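Data first, discussion second: the structure below is written as structure tokens.
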Amino acid sequence: MLRTEGLTISFGGHVAVDAVSCEFQPGSLTSIVGPNGAGKTTYFNLISGQLRATAGRVLLGDEDITGLPAPYRTRRGLGRAFQLTNLFPNLSVLENVRLAVQARMGKGMNLLSMAISHRELSDAAWSYLERVALTQMAQSPAASLPHGDQRKLEVAILLALEPQIFMFDEPTAGMSVDEVPVILDLIRSIKAQGDKTVLLVEHKMDVVRSLSDRIVVLHNGKLVADGEPAEVIASPIVQQAYLGMGSGDE
Amino acid sequence: MLHAILSGDVPRSKVLAAALALIFFALLLAPFVFPTVNALNVAGKICIFILLAASYDLLLGYTGIVSFAHTMFFGIGAYGVAIVMGRVAPDWGGVLLGGGIAIALSVALAALIGLFSLRVRAIFFAMITLAVASAFAILASQLSTLTGGEDGLNYRVPEMLRPAFRLFDGEILGIVINGRVMAYYLTFAVSLLLFLLLLRVVNSPFGRVLQAIRENEFRAEAIGYRTVHYRTLANCLAAAVATVAGMLLALVLRYTNPDTTLSFTIMMDILLMVVIGGMGTLYGSVLGATLFLLAQLYLKDVMGAASAATSGVPLLPSLLHPDRWLLWFGLLFIASVYFFPTGIVGRLRSLAQRHRLL
Ligand SMILES: Nc1ncnc2c1ncn2[C@@H]1O[C@H](COP(=O)(O)OP(=O)(O)OP(=O)(O)O)[C@@H](O)[C@H]1O
Ligand SMILES: [Mg+2]
């Protein structure tokens with residue numbers, strides 16, 4: 001179980017995430033919505049360790065991980081996909097995923113064996129590429145992929161970490177219409193496993209509606225609504241703060 | 001077999017493979033093919049600088065770390081051996097003692113510098129290494145009772161490596177196996193082994209993490225690698241290898257001074273060797289170091305001749321004077337970086353790949 005208590009960060013005087021307390025249960029998919037600049041990505045960064053909180057706590061199970069550097073959080077099962085594609089550009093698509101598998105299996109400090117002789121790593125990496133339908137591009141450098149495929153690779157890297165908690169930051173943004181279902185089906189299948197916690201930041205309201213067990217609304221860094229999808233979407237604060245702004249889609 | 005020795009890192013270009021084979025056999029047979037004292041010195045220097053440049057490439061090309069402290073570790077190795085040879089005993093025990101202390105000191109310093117890199121930006125890290133290396137060079141010249149100051153140290157080396165030593169009476173293929181030849185083969189063997197070790201490291205799971213750090217350190221952290229540990233280990237490893245290269249230099253030259261080991265010029269030379277050869281390939285260090293050192297000698301000779309030949313013409317003789325070789329070398333360097341931004345190895349590989357695709 002993942003929990004934040006009064007989680008806060010300010011940049012200079014600007015409070016980007018303001019005392020957000022929230023709990024995320026295994027087996028549930030929670031969408032985090034809010035207008036541009038609401039603090040959604042920043043909230044993710046605080047949870048996965050890319051940013052350090054000014055105040056408040058992040059708890060994973062019983063453990064306080066507020067001060068823990070990002071790699072240790074990842075090893076504890078927090079997996080993160082980034083809003084802005086964030087790959088190893090000159091390494092092959094397969095190698096991008098293989099590195100994630102290797103990190104999870106703790107083989108990175110192996111100096112004297114050949115990486116290519118660890119078949120289990122590349123075989124596993126290959127299976128994640130299959131799940132996002134990217135095997136055809138396996139040997140191309142990540143930077144040479146079209147945008148939609150880079151987004152898929154981003155998700156494949158997240159899958160390769162086999163996390164307990166999946167954090168998706170606008171996974172389908174900028175994807176073409178026919179590519180979106182691949183990612184949505186993947187998210188559904190993760191949810192169907194029943195024991196994974198999924199956090200999803202998404203602007204497309206139809207996607208949010210169809211996938212979410214629960215919706216949390218951030219506005220100006222504050223948590224302003226939290227509950228059942230239908231209920232939250234219907235609430236006046238969301239109509240005003242979010243949907244009212246006409247940002248139901250990109 | 002060869003595949004395993006090269007750690008699966010095959011040249012991927014026939015021209016490159018041929019060049020590497022040529023260099024390998026030339027160095028393997030150097031005492032027999034180039035039997036002058038001078039030529040043997042050049043061959044030894046090439047072995048040592050291949051190793052030094054390769055260890056630098058581990059940082060620069062593979063991990064994306066810009067460090068200017070590499071000659072410091074080279075110097076620590078050379079001075080470690082030199083001081084013990086001169087002050088304690090010129091025997092193998094002394095080599096181990098001096099080398100052991102030097103490697104320990106280098107690794108400790110490299111770890112310290114590596115930990116500095118925890119939070120600082122690349123450019124700031126480069127500045128730190130520059131400062132540490134300069135401070136160390138000054139320290140070395142100030143502690144003249146220990147280091148001989150600017151003059152450096154002359155000393156005797158283990159008996160087997162002295163020119164007067166004879167492995168046996170008589171000759172092999174017309175060559176007397178004397179201490180010089182022994183010192184050369186020691187250098188050759190150690191350089192080769194350590195180069196192959198580096199080749200294994202860069203092709204290991206660890207080596208892949210280093211490349212991930214070079215490509216996107218932020219993401220490497222996000223997928224679970226504590227990058228400061230990897231960078232620090234890479235720093236220590238590169239430093240240890242550079243230290244061994246320094247030890248070899250001290251044994252071959254039988255003198256050690258700031259110019260041969262600690263100078264900033266050598267730091268620049270290593271940087272150029274790696275860049276010209278091709279960063280992040282290791283084979284680039286082999287080509288880069290060989291071509292650089294040959295050019296250094298050859299250019300001077302050619303220019304000396306050209307300068308003499310043009311002695312009647314105004315300006316030209318002084319422009320072509322051997323002392324200007326660095327200017328010309330600089331121009332060659334700019335041209336090579338401009339035309340082969342991925343270095344010679346990168347260029348050869350992409351040509352080979354294009355060839356395969358056609
Ligand atoms: N490192 C930073 N330094 C300063 N300000 C920042 C930093 N990161 C985020 N901010 C600010 O915090 C606020 C929240 O940004 P954030 O990226 O979290 O919004 P978001 O909800 O993810 O928006 P979007 O829907 O556009 O992705 C913005 O005003 C942003 O400018
Ligand atoms: Mg965002």
For the subset of the stretch B:58-107 comprising residues that are open to solvent by 50 Å² or more (accessible area, probe 1.4 Å) and assigned to a loop (DSSP other than H, G, I, E, B), which member is nearest to B:V345 (Cα to Cα)?
-> B:V66
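Condition first: modelled with pLDDT under 85 and surrounded by fewer than 16 Cβ atoms within 10 Å (Cβ to Cβ). Now tell me which residues in the stretch B:108-122 satisfy that. Write out each step before concluding.
Taking the stretch B:108-122 and keeping what is modelled with pLDDT under 85, we get B:114-122.
Correct list: B:L115, B:L118, B:R119, B:V120, B:R121, B:A122.
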Can you find even one residue in the stretch A:20-37 that is within 14 Å of another protein chain (Cβ to nearest Cβ), touching a residue at least 12 places away in the same chain (Cβ under 8 Å) and either closer than 23 Å to A:I233 by Cβ or within 16 Å of ligand 2 (Cβ to nearest atom) (or both)?
-> no
Which of the residues spanning the stretch A:16-52 are open to solvent by less than 30 Å² (accessible area, probe 1.4 Å), among the hydrophobic types (A, V, I, L, M, F, W, C), more than 25 Å from A:A192 (Cα to Cα) and over 16 Å from the mean Cα position of the chain (by Cα)?
-> A:A16, A:V17, A:V20, A:A38
In the stretch A:61-85, which residue that is open to solvent by less than 30 Å² (accessible area, probe 1.4 Å) and of a type in the set (A, V, I, L, M, F, W, C) is farthest from ligand 1 (Cβ to nearest atom)?
-> A:I65
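Looking only at the stretch A:176-207, count how many residues are away from ligand 1 (no atom under 16 Å from the Cβ) and of a type in the set (A, V, I, L, M, F, W, C). Spell out the reasoning first.
Keep residues of the stretch A:176-207 that are away from ligand 1 (no atom under 16 Å from the Cβ), which gives A:176-198, A:206.
Retained after the next criterion (residues that are of a type in the set (A, V, I, L, M, F, W, C)): A:177, A:180, A:182-184, A:186-187, A:190, A:192, A:198.
Adding up the residues that qualify gives 10.
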Look through the stretch A:74-87, keep the residues that are facing another protein chain (nearest Cβ under 9 Å) and within 16 Å of ligand 2 (Cβ to nearest atom), and return whichever of them is nearest to A:F24 (Cα to Cα).
-> A:R80
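Here are A:N96, A:N90, A:N110: which of them is open to solvent by 30 Å² or more (accessible area, probe 1.4 Å), of a type in the set (S, T, N, Q), within 11 Å of another protein chain (Cβ to nearest Cβ) and within 28 Å of A:R151 (Cβ to Cβ)?
Working: A:N96 fails: open to solvent by 30 Å² or more (accessible area, probe 1.4 Å); A:N110 fails: within 28 Å of A:R151 (Cβ to Cβ).
Step by step, each of A:N96, A:N90, A:N110 is checked, and only A:N90 is open to solvent by 30 Å² or more (accessible area, probe 1.4 Å), of a type in the set (S, T, N, Q), within 11 Å of another protein chain (Cβ to nearest Cβ) and within 28 Å of A:R151 (Cβ to Cβ).
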Six or more apart or on different chains, Cβ under 7 Å: which pairs go from a residue in the stretch B:1-23 that's within 14 Å of another protein chain (Cβ to nearest Cβ) and touching a residue at least 60 places away in the same chain (Cβ under 8 Å) to one that's assigned to a helix (DSSP H, G or I) and among the β-branched types (V, I, T)? Could you list them?
-> B:G8/A:I116
With the stretch B:137-250 as the region, which helices (runs of 4 or more DSSP H) entirely inside it contain at least 3 residues that are over 30 Å from B:L282 (Cα atoms) and open to solvent by 10 Å² or more (accessible area, probe 1.4 Å)?
-> B:144-147
Scope the stretch A:40-60; condition more than 14 Å from chain B (Cβ to nearest Cβ), hydroxyl-bearing (S, T, Y) and more than 10 Å from ligand 1 (Cβ to nearest atom); matching residues | A:T54
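The values are calculated or read from the model by the stated rules, or taken from the named source; none is laboratory data. The model shown is predicted, which means the values in this text are computed figures rather than measured ones. Virtual Cβ from ideal backbone geometry, glycine too; neighbours counted across all protein chains shown. For the accessible areas, the whole protein counts, side chains as well, though only heavy atoms, and no ligand, DNA or RNA atoms are used. Shrake-Rupley method; radii C 1.70, N 1.55, O 1.52, S 1.80 Å.
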